[in-house]
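Participant: This is the structure I want to talk about, given as structure tokens.
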Amino acid sequence: MSDANAITCDVAVLGAGPGGYSAAFRAADLGLKTVLIERAPTLGGVCLNVGCIPSKTLLHAASLITEAQAFRAHGIDFGSPRIDLDQLRAHKDGVVGKLTHGLARMAKARKVEVVQGTGTFRDAHSFDIALTKGGTAAVRFEKAIVAAGSEAVSLPFLPKDDPRIVDSTGALALPQVPQRMLVIGGGIIGLEMATVYAALGSRIDIVEMLDGLMAGADRDLVRVWQKHNASRFNRIMLKTKVAGANAKRDAIHIRFEGEGAPEITEAYDLVLVSVGRVPNGRLIGAERAGIAVDARGFVTVDRQMRTNVRTIFAIGDIAGAPMLAHKAVHEGHVAAEAAAGKPSHFDARQIPSVAYTDPEIAWAGRSEDDLKADGATFGKAVFPWAASGRAIAMARDEGFTKLLFDADTHRIIGGGIVGVHAGDLISEIALAIEMGADAVDVGKTIHPHPTLSESIGMAAEVFEGVCTDLPPAKR
């Protein structure tokens, strides 16, 4: 397409995931003519369409199944669940559809023009678009925001094009409830999917090359999860890797090697590959725009999310770890505001993380493991949920709340929670870190009783030595 027929705009956003659509909507709200380029048929990106939203829908269903089974011991028996996989799949798709339709309406209300196709840079002021419905288009822009995301890492030694070997997208499609399932990778995504399929009735094996699960989370948090799930999963193989795979008619036959490897080849009906994601920096024609991309595929940015090309910004997965939707959203706002000439910067003190497993694990700010590795001096306080009236009433007192403090100022610099609803609870710790709150600020904030949230206030009281909900500290 010639430049004469090109779509022109103030800001073009490449990718309509959480960061991309947030950037486009913010740019439009600031009065900039905005074009949003997306290769998928709907807005929302991986997170909304085949990631965080559908996975949380299934995890909620899994939690209901698990909780109903657990309450047999407390006098309530709902009987064995009857699972209609087609109806569950339709419910998941309905949740996604409700949100994608909402995004489409918001784009229209803001007069954001959506171009459906795969975009690559032609130069520093234009994209070439391979349209989804066929043909090509060109978008000319004054400024651009790249939100092209990441792709799941594949393992080259696994059989190709076998529907029994899936990534997280394939697992979320609920192709079947396998009798035996292998999860390759002990990170958050793999363990969330393992939780879902275990609740639906699959026997789950997990294999992880490292010596622990959920890298990034403190080990004391993960230990609670492992103890609680000791009977849920068939086998967790640490310091172990897949050495070979053979696709046969009856199953995928896997051979392992390493410290936790079984002696025999194991057969699985479904294999989930969840070993991380790689940014799409090398798939967007960045070199034609003069954009610097590092060896891993990340685009280098400054605190305004600018690349080395001053009129081009990058956000989300492609702009660096952690690859989290909520980080991308805030980066998108910064990039849109900077593109509009505002003095916005990304200066977050913390970016919270959540594993939506059972129990959930959530953390914010500095982790204890990282502080120890740095040789930092810090304070620590833990409130066990075994002393929480609400947790005991819910029959879920296996968890705890941990706060980490600057040794000199007593300001909160980090924290972690393991237990039900930890992902909802972590926000108070995140806010305390951002606001520079100290232990007294949090401990003297009146929390409602009985709630799980009061464990945060009580952990702060523990640090100050004034907690009356635990035995007195030894002097």
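Participant: Among 148, 194, 215, 144, which is the only one that is modelled with pLDDT under 95 and either within 30 Å of residue 352 (Cα to Cα) or not in a strand (DSSP E or B) (or both)?
Facilitator: 215
Participant: Go through (1) modelled with pLDDT under 95; (2) part of a loop (DSSP other than H, G, I, E, B); (3) on the phi < 0 side of the Ramachandran plot; (4) exposed (fewer than 13 other Cβ atoms within 10 Å of the Cβ) and name the single condition residue 70 misses.
Facilitator: (2) is the only condition that residue 70 fails.
Participant: Here are some conditions: (1) of a type in the set (A, V, I, L, M, F, W, C); (2) surrounded by fewer than 16 Cβ atoms within 10 Å (Cβ to Cβ); (3) touching a helix residue (DSSP H, G or I) at 6+ places or on another chain (Cβ under 6 Å). Residue 121 meets all but one. Which one does it not meet?
Facilitator: (2)
Participant: For region 171-183, check the following and say yes or no: at least one residue is over 22 Å from residue 419 (Cα atoms), among the β-branched types (Val, Ile, Thr) and either assigned to a loop (DSSP other than H, G, I, E, B) or assigned by TED's automatic domain parsing to the domain that holds residue 401 (or both).
Facilitator: Yes, region 171-183 has at least one match.
Participant: Shifting gears a bit: Can you tell me which residue among 301, 354, 334 is over 30 Å from residue 398 (Cβ atoms) and either among the polar types (S, T, N, Q) or in contact with a Gly (Cβ under 8 Å, 6 or more places away or on another chain) (or both)?
Facilitator: 301 is the lone residue from the list that is over 30 Å from residue 398 (Cβ atoms) and either among the polar types (S, T, N, Q) or in contact with a Gly (Cβ under 8 Å, 6 or more places away or on another chain) (or both).
Participant: If you take the residues in region 405-455 that are touching a residue at least 12 places away in the same chain (Cβ under 8 Å), part of a loop (DSSP other than H, G, I, E, B) and of a type in the set (Val, Ile, Thr), which one is farthest from residue 394 (Cα to Cα)?
Facilitator: By that ranking, first place goes to 409.
Participant: Counting just the residues of region 456-475 that are of a type in the set (Gly, Ala, Ser) and part of a loop (DSSP other than H, G, I, E, B), which one comes out surrounded by the most Cβ atoms within 10 Å (Cβ to Cβ)?
Facilitator: In this case the residue turns out to be 465.
Rundown of residues vs (1) touching a residue at least 40 places away in the same chain (Cβ under 8 Å); (2) in contact with a His (Cβ under 8 Å, 6 or more places away or on another chain); (3) under 27 Å from residue 184 (Cβ atoms), yes/no style:
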| site | (1), (2), (3) |
| --- | --- |
| 49 | yes, no, yes |
| 58 | yes, no, yes |
| 63 | yes, no, yes |
| 77 | no, no, no |
| 82 | no, no, no |
| 94 | no, no, no |
| 126 | yes, no, no |
| 136 | yes, no, no |
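Participant: State which residue is nearest to residue 308 (Cα to Cα) when the search covers only region 98-124 and only residues that are assigned to a helix (DSSP H, G or I), of a type in the set (Gly, Ala, Ser) and touching a residue at least 12 places away in the same chain (Cβ under 8 Å).
Facilitator: The residue in question is 107.
Participant: Something else: So residue 132 clears everything in (1) without any contact (Cβ under 8 Å) to a residue 60 or more places away in the chain; (2) of a type in the set (Val, Ile, Thr); (3) surrounded by fewer than 15 Cβ atoms within 10 Å (Cβ to Cβ) except one condition, right? Which one?
Facilitator: (1)
Participant: Among (1) loosely packed, with under 15 Cβ neighbours inside 10 Å; (2) assigned to a strand (DSSP E or B); (3) without any contact (Cβ under 8 Å) to a residue 60 or more places away in the chain, there is one condition residue 246 misses while meeting the rest; what is its number?
Facilitator: So residue 246 meets the others, but not (3).
Here is a yes/no grid of residues against (1) of a type in the set (A, V, I, L, M, F, W, C); (2) at pLDDT 95 or above; (3) within 26 Å of residue 344 (Cα to Cα):
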{"site": "222", "(1), (2), (3)": "yes, yes, no"}
{"site": "241", "(1), (2), (3)": "no, yes, no"}
{"site": "250", "(1), (2), (3)": "no, yes, no"}
{"site": "264", "(1), (2), (3)": "yes, no, no"}
{"site": "267", "(1), (2), (3)": "yes, yes, no"}
{"site": "288", "(1), (2), (3)": "no, yes, no"}
{"site": "293", "(1), (2), (3)": "yes, yes, yes"}
{"site": "297", "(1), (2), (3)": "no, yes, yes"}
{"site": "308", "(1), (2), (3)": "no, yes, yes"}
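Participant: A further question on this structure: Kindly provide the set of residues from region 74-118 that are acidic (Asp, Glu) and surrounded by fewer than 16 Cβ atoms within 10 Å (Cβ to Cβ), ordered by number.
Facilitator: Across region 74-118, the qualifying residues are 77, 84, 86, 93.
The values are calculated or read from the model by the stated rules, or taken from the named source; none is laboratory data. Note that the structure is a prediction, hence the values are computed from the model and not measured. Note that we place each Cβ from the backbone using ideal geometry, even for glycine, and neighbour counts take in every protein chain shown.
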